1. So how exposed is Trp46, as accessible area in Å² (1.4 Å probe, rounded to 10)?
2. To the nearest 10 degrees, how steep is helix 221-231 against the longest Cα principal axis of the chain, on a 0 to 90 scale?
3. For the chain, with only Lys/Arg (+1) and Asp/Glu (-1) charged at the beta-carbon, what is the dipole magnitude about the Cα centre, in debye rounded to 20?
4. Quick check: the angle from helix 40-49's long axis to the longest principal axis of the chain, C-alpha only, nearest 10 degrees?
5. With a 1.4 Å probe and all protein chains left in place, how much of the accessible area of the chain comes from carbon and sulfur atoms, in whole percent?
6. At 222 nm, what helix-only mean residue ellipticity would the chain give, in deg cm²/dmol to the nearest 500, using -39500 (n - 2.57) for each DSSP H run of four or more?
7. Tell me the chymotrypsin sites (Phe, Trp or Tyr not before Pro) within the range 151-192 that lie in a loop according to DSSP and have at most 16 other beta-carbon atoms within 10 Å.
8. Where the Cα atoms of the range 167-281 are projected onto their three principal axes, how long is each span, largest first, in whole Å?
Amino acid sequence: MRIGNLSGRLALFTEGGAVDVEKASGGRFGPDPQSAYEVWDDFIGWADAADLSEAAPFDPADLGAPTPAPAQVFAIGLNYVEHAAESNFAVPDTFPPTFTKFRTSLSGPQTTVVIPEGGNVDWEVELVAVIGRRAEHVAAADAWSYVAGLTGGQDISERITQLSGPAPQFSLGKSFPGFAPVGPWVVTTDEFDNPDDLELTCALDGETMQRGRTRDFVFSVPRLIEGLSRVTPLMPGDIIFCGTPAGVGAGRDPKRFIQPGEELVSHVEGIGELRQKFVPA
């Protein structure tokens, strides 16, 4: 099942188009896309049996972030061995670096992003996990049952801000407006043959920059949920950017950063693509 945000309203998506949830449910569920995760079991029970024959075509440009207002946004660093190497860091052994992207940076899958003046803007394609039930002290073996679904994300990063000062400012450098596009929708885990093994790709102006598989995570999605939930409860609708494979611009020789006029296309197997066009400040 595909759940998302069409013009600010909660929608289900089929091969034939989109279904407005408030209308299809007779008002049982409201129009807020974030609200579905607060009543996830009830919502998914209804959606599994819902009549989606009235699905209508839609413009992908009207898609918003499928989780537009999560209580918490977690982002994971150095979750691929090769990415840790290109970043000149050791591979994490106890738990990976964790930071946030402020939720004002969230956007839908097709956007125009402003390059901050004087900034070095980089790409990081990622799998994003969406929490469907409150998770506290969850064992990895049980963790998938707390996941509502998966979506795609770009952890766009401005490296000068991120790495300036006496200590890195990860969250600030990764939270400019539009620096967290997600989507195009949340796909429930039952739609995947193996949710632990999905391909991620990222191309800049048609040149492939990143290609990886989630089976190569240092810490799998269940292990991330286990580790995070030991420290803080994960709330329904929270999202986790799960880490990027090698191939970022800062890890290249010479370094390569996004220029005005370029287009970034990211794809996650079984989910879909994101498209970002970049303009100068």
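1. Rounded to the nearest 10, the figure is 40 Å².
2. Helix 221-231 sits at roughly 90 degrees to that axis.
3. Working: 20 positive and 39 negative charges, 164 e Å.
The dipole of the chain has a size of about 780 debye.
4. On a 0 to 90 degree scale, this one is about 60.
5. 50 percent
6. Using -39500 (n - 2.57) per qualifying helix, the result is -3500 deg cm²/dmol.
7. Numbers: sites: Phe170, Phe179, Trp185, Phe192; in loops: Phe179, Phe192.
Passing both the DSSP loop test and the Cβ count: Phe192.
8. Extents along the principal axes, in whole Å: 40, 37, 27.
The values are calculated or read from the model by the stated rules, or taken from the named source; none is laboratory data. Since this is a predicted model, take the numbers as computed values, not measurements. Note that we place each Cβ from the backbone using ideal geometry, even for glycine, and neighbour counts take in every protein chain shown. Each accessible area value is taken on the protein alone, full model and side chains, heavy atoms only, with ligands, DNA and RNA left out. Shrake-Rupley method; radii C 1.70, N 1.55, O 1.52, S 1.80 Å.
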